Structure formats: structure tokens, C-alpha cells
1. Figure the gain on full extension for Q178 and H32 (residue separation times 0.36 nm, minus the Cα-Cα span) and round it to one decimal in nm.
2. Run the Debye formula on the Cα coordinates of the range 4-163, all scatterers equal and no solvent, and tell me log10 I(q)/I(0) at q = 0.10, 0.11, 0.18, 0.21 1/Å.
3. Please give the length that would be gained between K282 and K305 if that part of the chain were fully extended, namely 0.36 nm times their separation in residues minus their C-alpha to C-alpha distance (nm, one decimal).
4. L95's amide H: which non-local residues (gap 5+, or another chain) put their own amide H closer than 5 Å, with H modeled 1.01 Å from N in plane and none for Pro or chain starts?
5. If you count, for each residue, the other Cβ atoms within 10 Å and average over each peptide, how do 182-193, 280-291 line up from highest to lowest?
6. Of the peptides 37-48, 233-244, how do they stack up when ordered by the mean number of other Cβ atoms within 10 Å, highest first?
Amino acid sequence: MSKIFVSHASKDAPVSTAFVQQILEGALGFPHRRICHTSSPGTIPIGSDIPPFLRQELDNADLVILLLSPNFAASPFCMAELGAAWVQRKAFPLLIPPQGYNDLEGVFEVTQAAKLDVPAALDGLRDRIIEEFEFDHKSTQRWNPERKLFLEQLDELVAELPRPDRVSRQQYATLQSQFSDAQDAVEEITRELKEKDALIEKLKEAKDREEVREVLAESLDDWGKFDEMVADARELLDGLEKATREALFHKLHSGNGFTPASERRTATWQSYWEDVEAADVKNEVTIDHDRELVFANMDKLRVEKAFESLQALEEWLTHDENGASEQFLDSYVEKYARNPNLDDRDFWDAHLENGGSW
């Protein structure tokens, strides 16, 4: 059974009770049994554990009407209800007068609230209830006069409301910081929900396993994307000779070949050239006429594929429009104390060269 949950501060009960009785039940004709309003007698069963009961009612509600006020902001229960309703995307916030949009700045910035004393705001609430609940409401002839009566009584009801106690600057700063953290958490959850919804839609449209893989790759966060691209490049590099990997590093670093050793006719020089010749036999490298420089052979398909994967990683790390975010680049520098550049030997050795570089 579809229900409405009216979230309000207990100190604002005179206003919330009049709102329920005169607007929801009276003007609109919404059934009392389908409204959860804790200030109405009999709403909470005797002997109930109140917090779990309210959580269940809130979760089961299809619409949560938030009656926002300073008393609401001072209530931890109300603020928890606000966050839950906002995350579940079923909130309809109304500001109790005389609060304006700017009076509670820094407290209710997460919401786009309407004003309870504005007729158009109540009309908007009525229209939403009719649409969402497919509700056969009472005639406009009854709605207009009962709405008018409620609005005429509202100022008198508000005048009787207690005001929340003042807090010290330090307490205010602490509460503001805590709520800011809560706002960030709500926004992060909202962002994740939107991303998951978009991912589900893309997966529904995927035609085969390859498209599914591509969609899932797009959904990775930057660290996941980085790890995946590095793993792909390293897998291709591992299939190449050491000299070929070195030639690819120099191609990225300078666009040129490399000299295997500066000291000729030494054991080290001989070892380097053995690696080069092993790569040459597989046609993975080319050697210039004077045997001074060694180049990656881009005509070899697996060499070309490895270089393309390195280029893709390099382009992603340049932070263009579709590349790594500034947050990722900053976190990488903080973690490794160096920039993520493929032409940096330390980066290459740490992420791409399993067998050790020269």
C-alpha cells in the first residue's frame, strides 16, 4: 500500500498536524491510514522500538514530505530522515515560514525546497501526489478553500513554535563540519547511483561479450583503469625480448634507437649484444649499418601492438578530455613521489618491466 511519510520536528507538531489534517486529509482527501505522521495519535504502536519502526516506515514510503525548519535542523533524527529520503529520491521538501531560502544556508543546501506558505508550492505537492499515487482526489472546489484556510492559520501556528536553543560558535562549526561531511556522502552516493543506473542501461544494450567487456572497462574508476591499461601493456611487453622492450622505451623517450653499451669488447657489452641478437633473430628489432643503434621493428605485428598499448596508456595519462583526472594524477604523485610518465625509467621499471631493464 502506497504511503506518505511526513518528516518533521516534534517541536513543529502544531504546524505538521494542521498540514496533515487540513491539506493532506482535508483538502486532498488522502486516507489517514496511508500517512505516517508521528505526531498523530496512534501512528506509533504502543511498545514499539521507535527508531527501527521509523526506519521501516521511511523505507516503505513512496513519498517523504520534509517540513524544514530550525527545529528540524537541530534534530538528529530529522536530519537522518532527510538524508535517507534524498538518497532514495523520494523527497518533497517544504520550508516552514518565516524561513526563506537563504536563512538555512549551509544546512539544507542539498535540497531544492519550496515554501509552505506559497499556494503554488502546495499545488505542486498535490499534483505530485495525484501523479505518483494515481490518486482520485477531491474536487478543486474543496481544495482551494481548505488550502486558503490552512494558509490563513499558518502564521498563528508558526508564532507558537518554540525556537531551538542557541549554540556556541565552536558547536556550530562542529555541526556544520559534520553536516558538510554528510552532504558529501549523500552527493557521493547519489553520483554512484546515477553511474550504476547508466552502467545497467549500457549493459542492457550490449550485443556480445566484447561489448560487455568494453562497457565494464569504461565504468572503472581511474585507478582501476590505470591498473587495467598497465596490465594489458605489460602482457604484450612480456612476450617480447628484453632488447625489444628497451627499444620501445627509447622510442617513447626520444623517438630514436638506443646504443646497447658504450664500452665495447667487454663482458657487459657482449651480454647486451646477445640480447639484441636474440631480438634480431625474431625480427623484433632492426640494427643500423654501423651497429651503433637498435630500433624497434614496427613492421612486426606484436611489436606494433605493444607500442600501441603504450601509446594508449601515455595518451590517457596526459590528462586530455577523456584521460586521467587531476585527482588521479595528484594521488599517483602522492603515492609514488614521481609523475606517471612512460618515458621515465623509474615508472617503466615499476609498472612495465617485469624482467628488469638495462
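1. Numbers: separation 146, 0.36 × 146 = 52.56 nm, distance 3.61 nm.
Gain on extension, Q178 to H32, equals 48.9 nm.
2. -0.33, -0.40, -1.17, -1.62
3. Numbers: separation 23, 0.36 × 23 = 8.28 nm, distance 1.55 nm.
Full extension of this stretch gives 6.7 nm more.
4. Here L68, A114, K115, L116 satisfy the definition.
5. Values: 182-193: 12.8, 280-291: 14.7.
Top of the packing list down: 280-291, 182-193.
6. Peptide ranking by packing, descending: 233-244, 37-48.
Taken together, the values in this text are just the output of simple stated rules run on the coordinates, not laboratory data. What you are looking at is a predicted structure, and each value in this text was computed from that prediction instead of being measured. Here Cβ is always computed from backbone atoms with ideal geometry, including for glycine, and neighbour counts include all displayed protein chains.
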